[in-house]
Each structure stands twice: as structure tokens, then as C-alpha cells.
1. How much of the DSSP beta bridge set in chain B is antiparallel, as a percent to the nearest 5?
2. Just need the relative contact order of chain A here, percent rounded to a whole number, with Cα pairs under 8 Å and 6+ apart.
3. Return the percentage of antiparallel bridges among DSSP beta bridges fully within region B:69-178, rounded to the nearest 5 %.
4. Which GluC sites (Glu not before Pro) does region B:83-125 hold that lie in a coil by DSSP with at most 13 other beta carbons within 10 Å?
5. Express the accessible area of the protein assembly as shown per residue in Å², computed with a 1.4 Å probe while the remaining protein chains stay in the model.
6. For region A:89-182, which GluC sites (Glu not before Pro) pass both filters: DSSP loop (anything but H, G, I, E, B) and at most 15 other C-beta atoms within 10 Å?
7. When the chain is fully extended, how far beyond the present Cα-Cα distance does A:K93 get from A:E53, taking 0.36 nm per residue of separation?
8. Could you please state how large a percent of the accessible area of the protein assembly as shown is carbon and sulfur, counting protein chains only and using a 1.4 Å probe?
Amino acid sequence: MSALKADDPRIPAIQSRIRVVPNFPKPGIMFQDITTLLLDPKVFKDTIDLFVERYNSKNISVVAGIEARGFIFGPPIALAIGAKFVPLRKPNKLPGKVFRQEYELEYGSDCLEMHVGAVASGERALVVDDLIATGGTLCAAIDLLERAGAKVFECACVIEIPALKGRERLNGKPVFVLVDSQ
Amino acid sequence: MFAAENGLRGDPRLEAISDAISVVPNFPKPGIMFQDITTLVSNHKAFKHTVDIFVDRYKDMGISIVAGVEARGFIFAPPIALAIGAKFVPLRKPGKLPGEVISEAYELEYGNDCLEMHKCAVEKGERALVIDDLVATGGTLSAAIRLLERGGAEVVECACVIGVPEIKERRMLDGKPLYVLVEPRQ
């Protein structure tokens, strides 16, 4: 269930700008495509504003974005709320010393990395991605940040697929979403 | 062209941006001095300066598309797009964009790679920017320019945070102006 009240006037346009592509990346998956949302400057701005309004006065100093679509939403939020942006990347992309966390995907398995030293102990962090499905990726992200000593305040996603019960995977960590999948 | 030679000489923001970039030797392989922008985007002030410089340059140029090259271009392009009221168009590695795409191959040091774009993202005659974190050979940016032009856009400029010194002499890439903030750190 979306945490945001359904009567925010900006939500219907956000919902309508998300395109569903059937059978991608494989048969049976109804892919929630946010690229069409990014083509509408006003709706993209409204999406960011909704997150910024929520987090602006919460003392968040870290916005961590999950590669690659979390890199689209995370930095504008970080810039607006005065936080650092920390990329959480696929293996072997980040140079130097990294923390590494394996996770199960909706379709396959993978691994997420974060720079050692990217966050300081006690920093309050957000995790941002375009979508929460099974919650596996977000769970790995939370683990990375908390192993480094940060405290994850909340996860923030544009879309949730409620049927996949991703929320239950997050050990009580809250997730804030704007719309449900179609 | 480098920002310092194009109206921003002595701008303290450029020094702050350069200082915030880290160098990692021998990554991803021996001999390469990797320019790591994660320390730049982790420094709120320096990251904001970076975006502000690009926004100031492009906000009155009638740009309606800011295209970003996966993945580090995704960090810099959307804030610019949002600030100037343009669309953000992701240019992605093969197989990531759903639905109908157009593809453009380009050469790596060893072998080839490929960039994809949604053709429907672009309308004929739109003015576009291409953004990436760093330009070296220009192969990726050239592929990006070709994609946008095949979609009917006019690429106004390519802009990167970091550009190798050899680029200084070139000033243009495939006939398109190239705008760069800083040189690689040693």
C-alpha cells in the first residue's frame, strides 16, 4: 500500500507517465518503465519534489542511489536536501576499497558495492531506487550502509509492486513510495 | 573547450570541483589513472557547483533534451535537465531499455560496445545536450551524438566534468562543440 495519501494532486500524472512494457526482460514480467516519466519535465520535477518535501528537514546527510535508475532520482534529491550522493554499484565499477553485499533479484542474483569511507558512522541515510519489487536489492543496500555505521532512515521508491511483498523483506525498515505498479 | 578558457578563468568553483575528484592508480587495469567522481558527488557543495555551472551555461539555449550516458552520466544529467526544464533521456548499455530502441556501436580500446536510445524519446528538431562524467577518446560521445541525430535531434553541445588534455586541442567532437570543466588530476 502506498504510504503517500492518494489525494496529492501530483500523483495521478506521475502514475500516468509510467509505461508498462509486457514480457520484458522476459515473458511474464510487466516491466514498469519510468523513462516516459523522465520525458515530462513537470512530472519529473513533481516526483523529486514529493521526496524532497518529505526528507528536507529530517537531518539526512546521505542519499544512496542504486545503480542505475537510482542514479537518476537520488542525485536531484541529494542536491535539494543538502546531502551527499553515494552510488551503490554493480561489482567492479567502484575503484579502491569497497564493501560488497550479495542479493537475490526478482530475475537472477547479483551483488552491490559501496566505497569504504563513503559514509561516516552515525550518518542518517536514505536509499533511493526507481522501484521496489522483492526488496532484495534494497535489503542489500541497507546492509551495506549499516555495515559502514550509517543509520538508514527510510527507503524511497517511485513505484512498488505490492504483490511481491518487498516491504516484508526489509526487517522493519520503512519504505515510502509514490505509486503502485500497474 | 575548457571552462577556464570560456569565461570561467579564476572561478573558485572550478578549483573546488577539481580538488573533490580522486585519482585511483591502476584501475581498472595497470597504467590507467582512474578519475573517480564519487568523491565529487559526495561533496554537496562541489556537486552543486558542477551542476550550477552547466545550468548557467545552458539555461537560455533552447535545450529541450539532456541525454546522459549510462551510468555516471545519469548522476549529472538529470539535475541539469530538471533545472533547465528539459527532458532527461538515458542512453543505455544494450538490453536495458524496454520496447523499441535504436542502437549505435562504438569502438573500445579492445573490441566494441553499444549504446541504445528510445527513438520515441526525441522529436524532430529538438535541441539536445549530451552529458557524461569524462571524455577521453570521444568514442562514447560520438555514438551518443549519432543516436540523437538519428532520432531527429540537433546536438548543440557535449559536456563533461573532466576532459583529457588532448581534447583541448580538438575543441570539437564530430563537428559538435565540447565543453569540459576540468582536466584529469594527476
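The values are calculated or read from the model by the stated rules, or taken from the named source; none is laboratory data. Keep in mind the model is a prediction, meaning the values are calculated, not measured. Don't worry about glycine lacking a Cβ; one is built from the backbone with ideal geometry, like all the others, and counts go over all protein chains shown. SASA here: full protein model, heavy atoms, side chains in, ligands and nucleic acids out. Shrake-Rupley method; radii C 1.70, N 1.55, O 1.52, S 1.80 Å.
1. Working: 13 of 35 bridges.
Counting only bridges with both partners in chain B, antiparallel ones make up about 35 percent.
2. 20 percent
3. Just about 45 percent of them are antiparallel.
4. Here the sparse-neighbourhood loop sites are B:E100, B:E109, B:E123.
5. Accessible area per residue: 41 Å².
6. Numbers: sites: A:E102, A:E104, A:E106, A:E113, A:E123, A:E146, A:E154, A:E160, A:E168; in loops: A:E106, A:E123.
Listed in order of number, the matching sites are A:E106.
7. Values: separation 40, 0.36 × 40 = 14.40 nm, distance 3.20 nm.
In short, 11.2 nm is gained.
8. Answer for the protein assembly as shown: carbon and sulfur cover 51 percent of the accessible area.
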